[in-house]
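Input: a single structure, listed below in structure tokens.
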Amino acid sequence: MAACDVDSLSRYLDGDLSPRERHQLALHLRACPACRAELALLRRLDGTIVAWGAHRAPVPDETERRIQESVNAQRKVSRFVAFSRMMPAAVGSSIAALLVLISANLGWLYQPASNLAQVDAAHVQRIVKSNSEPLQNARRLSAILGSQTQAPTQPQVLRHGHFNLE
Amino acid sequence: MAVALEAALIEQLRRQEEDAFTAVYERHKAPIYNYLYRLSGSRELADDLTHDTFLSAYESLPKLRPDSNITPWLYRIASNRFRDFLRRKRVINWLPWGDSPREEASLATRGEVDALPEREAVQAALRTMKPEYAMCLVLRLGEGFSSEETARILGISPEAVRMRLSRARQMFKTAYAAGERDS
């Protein structure tokens with residue numbers, strides 16, 4: 001027969017005993033008046049707490065008003081934070097689009113290719129000379145391979161005034 | 001059907017939609033307020049803790065999981081706010097808290113006066129218990145949660161809940177009997 005065990009009584013009240021444990025407890029209770037009395041007392045006290053818990057007072061109006069105000073204030077903060085998070089991406093995209101638009105329409109800012117007088121002729125000479133060997137090698141290679149590709153015969157001057165050093 | 005409705009509500013809550021939060025607040029404001037009053041024994045404290053609970057809940061809405069259960073989730077927040085109060089109280093332990101029986105009587109609504117002595121006795125007995133044991137008893141018996149739900153709310157195992165309930169019943173029995181002798 002199981003010994004007196006208040007934990008078992010508590011678990012029995014909560015429905016947490018296995019069928020075997022319930023059977024053992026039932027056998028014990030038949031032979032133990034102290035545990036029977038203890039179980040009856042615990043059951044009564046449980047009922048007292050349940051009845052106490054069933055009583056529900058209304059929430060005071062002032063408490064409700066405070067809660068509403070705080071939640072509304074937090075709602076505005078949440079909206080601002082969400083908008084701020086979107087802003088960098090939106091601003092970045094807008095700036096990038098603006099730059100593309102500007103660069104596509106600012107060709108008139110660059111020097112016309114024919115205005116070579118403003119180009120440093122000596123500088124051009126140095127560049128052509130430094131690139132002449134690769135140009136000659138390219139012509140020899142194309143002759144050997146019988147390639148249709150023609151090596152450039154002179155440096156290409158791009159519209160923007162920069163030299164193609166290829 | 002009920003599961004689908006709950007899932008839809010969770011999704012609306014995660015987006016902090018006003019109507020969804022209002023519906024949850026209206027359904028739970030009285031239970032949460034009364035739970036906190038039962039734990040604290042003070043209406044003033046229950047006011048503050050209820051306010052803090054729903055504000056914390058609103059701030060935490062985006063973190064709700066799709067499989068969350070709203071009611072235990074709210075009770076968990078309320079329990080944590082109560083624990084925070086207890087931690088602060090340990091720092092400033094000279095602050096009195098808890099309504100006196102006279103204050104409780106003056107706040108009672110008509111028709112409830114007869115039940116006052118028993119409610120006062122239960123409240124007084126719970127106040128003598130360690131908070132973690134009182135919370136177990138209030139959640140399991142006062143609020144009607146199962147041992148598993150109580151475990152989720154308190155963040156402990158179901159076995160720990162069962163052990164605490166057993167100890168809590170013995171503590172309550174002793175304190176309640178002492179209160180009956182003194183009255």
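The values are calculated or read from the model by the stated rules, or taken from the named source; none is laboratory data. Keep in mind that what you see is a predicted model, and the values were worked out from it rather than measured. Quick reminder, even Gly has a Cβ in these numbers, built from the backbone with ideal geometry, and neighbours come from all protein chains shown.
Counting only residues that are among the small types (G, A, S) and more than 9 Å from every other protein chain (Cβ to nearest Cβ), segment B:144-176 holds 5 of them. When every residue of segment A:7-25 is checked against the conditions, at least one turns out to be in a loop (DSSP other than H, G, I, E, B), among the hydrophobic types (A, V, I, L, M, F, W, C) and within 14 Å of chain B (Cβ to nearest Cβ).
No other residue among A:R66, A:R56 is within 24 Å of B:Y37 (Cβ to Cβ), in a loop (DSSP other than H, G, I, E, B) and at the interface with chain B (Cβ under 8 Å from one of its Cβ atoms) apart from A:R56. The single condition among (1) within 9 Å of chain B (Cβ to nearest Cβ); (2) surrounded by 14 or more Cβ atoms within 10 Å (Cβ to Cβ) that A:C32 does not satisfy is (1).
In the set B:A23, B:A8, only one residue is of a type in the set (G, A, S), closer than 25 Å to A:P60 by Cα and more than 9 Å from chain A (Cβ to nearest Cβ); that residue is B:A23.
Which of the residues spanning segment B:132-166 are of a type in the set (D, E, K, R) and over 19 Å from the mean Cα position of the chain (by Cα)?
B:E159
Among the residues of segment B:26-57 satisfying the criterion of being under 12 Å from B:F85 (Cβ atoms), more than 9 Å from the chain's Cα centre (by Cα) and hydrophobic (A, V, I, L, M, F, W, C), which is nearest to the other protein chains (Cβ to nearest Cβ)? Among residues in segment B:26-57 that are under 12 Å from B:F85 (Cβ atoms), more than 9 Å from the chain's Cα centre (by Cα) and hydrophobic (A, V, I, L, M, F, W, C), the one nearest to the other protein chains (Cβ to nearest Cβ) is B:A46. Counting only helices (runs of 4 or more DSSP H) that sit wholly inside segment B:1-91, those with at least 3 residues that are farther than 19 Å from B:V138 by Cα and touching a residue at least 12 places away in the same chain (Cβ under 8 Å) are B:2-14, B:18-40, B:43-60.
A quick yes/no check of all residues on (1) small (G, A, S); (2) in contact with a helix residue (DSSP H, G or I) (Cβ under 9 Å, 6 or more places away or on another chain); (3) at pLDDT below 90:
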site: B:A7; (1), (2), (3): yes, no, yes
site: B:Y58; (1), (2), (3): no, yes, no
site: B:S68; (1), (2), (3): yes, yes, yes
site: B:L95; (1), (2), (3): no, yes, yes
